[in-house]
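Comments concern the structure below.
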Amino acid sequence: MDLTLYVWRQAGPDAAGEMKRYEAQGMSPDMSFLEMLDVVNERLILEGEEPIVFEHDCREGICGACGMVINGVAHGPQRATTTCQLHMRQFNDGDTIYIEPWRSTAFPVLRDLMVDRSSFDRIIEAGGYVSVSTGSARDANEIPVPKADADSAMDAAACIGCGACVAACPNGAAQLFTSAKVAHLGLLPQGQPERLSRTRAMVAVMEDEAFGSCTNHRECEAVCPKQISVDYIARLNRDYLKAQLLDPNAK
Amino acid sequence: MSWIIGFFRSAMGKKAVMAVTGVMLFGFVLTHMVGNLKLYFGPEKINAYAEGLREIGAPLLSHGDALLIARLGLIAAVVLHIWAATSLTLVNRRARAQGYARKSPQAATYASRTMRYGGLIILAFVVYHLMHFTWGNVHGDFVPGDVYHNVVSGFQNPLISGFYILAQLALGLHLYHGLWSFMQTLGLNGPRLNALRQPFAATFTAIVVIGNISLPLSVLAGFVTLHG
């Protein structure tokens, strides 16, 4: 496969960037998207150019590191798939591919396609954990959890924090991420004591970071590699209103 | 009480304000459309209806009180709705200071992407509509108190009717996104309700838009005339 790439190149956080054109020739349709970039980078290194910087780690779709916007879609054209699991057979010989970093004020570009997602870490630090004592290991099924809640908590916990939701959102909102993190704890018994205080704390940090506000476009859900549903956003909205208006612990 | 200020300052609080005021304005728009349909029952009916609006709440309220309260409530809803929208739009612009060279929407609808512009069109229409039928200062043949005459003679101008029809289509797009979006924002969801939210939005959008658009069309078609 011969491809024309337009890739965002930016030397550093404060440098001006630009889309730069590269010819990627002789690619195999069986390569992953990152392997295709690896081959381009090997050639760039041989030619004495700076390789394209992109973040990657597990390359098996579970770490959330490899985000990039491919032809205007976060993680590229295949649904429920991270960039590392995207294969070149999703493209055609002769295609032109635009590759850009996540565009979000809360995710500043560090270099080329690599962004700083520590704003997500700060949302987690505000309450993405259970800090009350939950006792020692229980016998199986000692604490009953309704099946629907257990399934829903598990679905929310599938979030890998890649940031595609923010990148795809026309408003740069982080509602899908935050709602998944609030829900996977708030749906389970151990998460109940801190459910509303957690919601208040995590939303407060989310709003302090430079994220936008949800307007229910559902773009996040469409690109999420883990198919997190916007139902969690409704749940976050409900818990937030409860935390503001009905929480006996909030004076 | 400082939490109230914090709530109004938070983006999620503002979204709740958008949703609640949006529901209020939807309630008005739906009621207004039903009232409009009185045009089909002739001058006496619709003129009596317009006058009767001033007697709502009697004997508890005096002549015109309910209308005044409704108007103040609507003004408050409009101001809060626009204030929240403006404030959130500015936040959202800052959140995506640098845009994409290529962006391909995957789920956003034409309705969801045009809420801001649709809102501005509706605002401009409401101002014109008040000047046209409430105050009468842009109406060439305005008779105070004769709603039937004002509406029919106004809609006999195809340009004015065309503008009303376009404004109703803009309102329809705004309602189509807003009428399910408010439930999402207020956390009204669940497997059963979710299946009903978009059909609800589509149904009530169609009811409001078709009901309203039928009036200028009926006048233009000669089905409704000045003589009733």
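Summary of values
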quantity	calculated
Rounded D (µm²/s) - region A:117-245, Kirkwood Rh over Cα pairs, Stokes-Einstein at 25 °C, 0.890 mPa s	165 µm²/s
10 Å Cβ shell holding at most 12 others, DSSP loop, chymotrypsin sites (Phe, Trp or Tyr not before Pro): longest site-free stretch of chain B	B:1-134
Sulfur and carbon atoms: percent of accessible area, chain B [1.4 Å]	71 percent
Two-decimal Rg to Rh for region A:71-131 - Kirkwood Rh, Cα set	1.10
Backbone HN-Hα couplings from phi across region B:130-142 [Karplus 6.51/-1.76/1.60, Hz, Gly and Pro as x]	5, 5, 7, 10, 9, 8, x, 7, 10, 9, x, 9, 8
DSSP bridge orientation in the protein assembly as shown - percent antiparallel, rounded to nearest 5	75 percent
Charge tally in the Cβ shell below 13 Å around B:HIS32, where Lys, Arg are +1 and Asp, Glu are -1, B:HIS32 excluded	+2
Computed helical MRE - 222 nm, chain B, DSSP H runs ≥ 4 contributing -39500 (n - 2.57), nearest 500	-24000 deg cm²/dmol
Area buried, chain A against chain B - accessible surface, total, 1.4 angstrom probe, square angstrom	3500 Å²
Magnitude of the charge dipole, region A:3-100, Cβ model with Lys/Arg +1 and Asp/Glu -1, debye to 20	300 debye
Rough spin-label spacing in nm, given labels placed 7 Å along Cα→Cβ, for B:SER104 and B:VAL79	4.7 nm
Region A:3-100, Rg to Rh (Cα coordinates; Rh as Kirkwood inverse mean 1/r)	0.94
Which of B:GLY154, B:ALA167, A:ALA167, positive extreme of dipole for the protein assembly as shown (C-beta unit charges)	B:GLY154
Rg in Å to one decimal, and Dmax rounded to a whole Å, for region B:2-220 via C-alpha atoms	19.5, 64
Threshold 30 Å², region A:1-30 residues less accessible with all protein chains present than alone (1.4 Å probe)	none
Charge sum, other residues only, whose C-beta stays under 9 Å from A:VAL7's C-beta, Lys/Arg counted +1 and Asp/Glu -1	+1
Accessible-area value, A:GLU50, 1.4 Å probe, nucleic acids and ligands omitted, Å²	110 Å²
Occluded residues from region B:73-115, i.e. those whose accessible area drops by 40 Å² or more once the chain is not alone (1.4 Å probe)	B:ASN92, B:ALA95, B:ARG96, B:GLN98, B:TYR100, B:ALA101, B:ARG102, B:LYS103, B:GLN106, B:ALA107
Average accessible area per residue (Å²) across the protein assembly as shown - probe 1.4 Å, nucleic acids and ligands excluded	48 Å²
Proximal charge balance of A:ALA250 [Cβ under 14 Å; K/R count +1, D/E count -1]	+2
Estimated Rh, region A:38-175: Kirkwood, alpha-carbon pairs, angstrom	17.7 Å
Value of Rg/Rh across the protein assembly as shown [Cα atoms, Kirkwood radius]	1.07
Quarter of the Cα convex hull surface for chain A, i.e. its orientation-mean projected area (nm²)	15.7 nm²
Carbon plus sulfur fraction of accessible area for region A:117-245, probe 1.4 Å, in percent	51 percent
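The values are calculated or read from the model by the stated rules, or taken from the named source; none is laboratory data. What you are looking at is a predicted structure, and each value in this text was computed from that prediction instead of being measured. Virtual Cβ from ideal backbone geometry, glycine too; neighbours counted across all protein chains shown. Accessible surface is based on the protein model in full, side chains and every heavy atom, while ligands, DNA and RNA are left aside. Shrake-Rupley method; radii C 1.70, N 1.55, O 1.52, S 1.80 Å.
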